[in-house]
Ligand code: APR
């Protein structure tokens with residue numbers, strides 16, 4: 001059974017149990033997919049984010065960690081907010097922090113008994129992570145998690161544009177039980 005699928009489109013339209021938001025540590029919205037998700041979800045999402053406690057001033061979700069909230073008006077049931085690393089050349093632990101985004105998001109989904117989850121290309125926009133490297137990190141982290149999990153049925157990697165779609169397809173083998 002292949003559980004990992006690469007798709008192209010707008011993540012806010014997906015009817016999955018959870019969509020993952022590429023957020024920032026303040027978790028109060030932003031541009032890119034963060035902005036699109038908040039616009040589609042409506043003000044209830046921002047209220048839910050404000051309710052997430054700060055772990056230190058101005059930080060609700062440290063880089064590499066994830067937080068789950070209801071999804072407001074989105075077709076998805078939950079939004080899992082995760083904060084990817086800003087690319088700084090690859091020698092500041094970026095790969096491990098990005099892998100942690102995928103791992104902690106999947107762990108939250110499992111803890112909530114979710115069956116399907118959709119990821120955008122975390123850190124590949126404003127945060128400048130090279131797409132090919134990010135796709136390899138994402139695939140490895142997801143495959144490692146799924147090797148020890150049988151609750152998740154569908155993991156979608158969502159590309160917003162054709163370029164990222166090609167990169168993700170190249171990184172995720174079509175066959176194999178993942
Ligand atoms: N659906 C799916 N993917 C999308 C959508 C969408 N509606 N909109 C944008 N994307 C894609 C971008 O094309 C990019 O490949 O999401 C990927 C992540 O890009 P960003 O949204 O810029 O996220 P990131 O690079 O992780 O930067 C996070 O940007 O928006 C702010 O508040 C956010 O400070 C945080 C930072």
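What follows is calculated from the coordinates using simple rules that are stated; it is not laboratory data. This is a predicted model, so every value here is computed, not measured. Glycine gets a Cβ as well: all are built from the backbone with ideal geometry, and neighbour counts include every protein chain shown.
Taken together, the criteria place residue 72 among residues that are at positive phi, more than 10 Å from the ligand (Cβ to nearest atom) and surrounded by 17 or more Cβ atoms within 10 Å (Cβ to Cβ).
Under the condition of being crowded, with 24+ Cβ neighbours inside 10 Å and either more than 13 Å from the ligand (Cβ to nearest atom) or farther than 14 Å from residue 157 by Cβ (or both), the residues counted in the stretch 106-128 number 3.
Considered as a group, the residues in the stretch 22-51 that are more than 8 Å from the ligand (Cβ to nearest atom) and on the phi > 0 side of the Ramachandran plot include one that is nearest to the chain's Cα centre (by Cα), and that residue is 27.
Based on what the data block shows, is residue 140 under 20 Å from residue 18 (Cβ atoms) and surrounded by fewer than 20 Cβ atoms within 10 Å (Cβ to Cβ)? Lay out the reasoning, then the answer.
Working: under 20 Å from residue 18 (Cβ atoms): no; surrounded by fewer than 20 Cβ atoms within 10 Å (Cβ to Cβ): yes.
When the stated conditions are applied, residue 140 does not pass them.
Considering (1) in contact with a strand residue (DSSP E or B) (Cβ under 7 Å, 6 or more places away or on another chain); (2) under 22 Å from residue 152 (Cβ atoms); (3) within 10 Å of the ligand (Cβ to nearest atom); (4) outside any strand (DSSP E or B), the lone condition that residue 19 does not fulfil carries the number (4).
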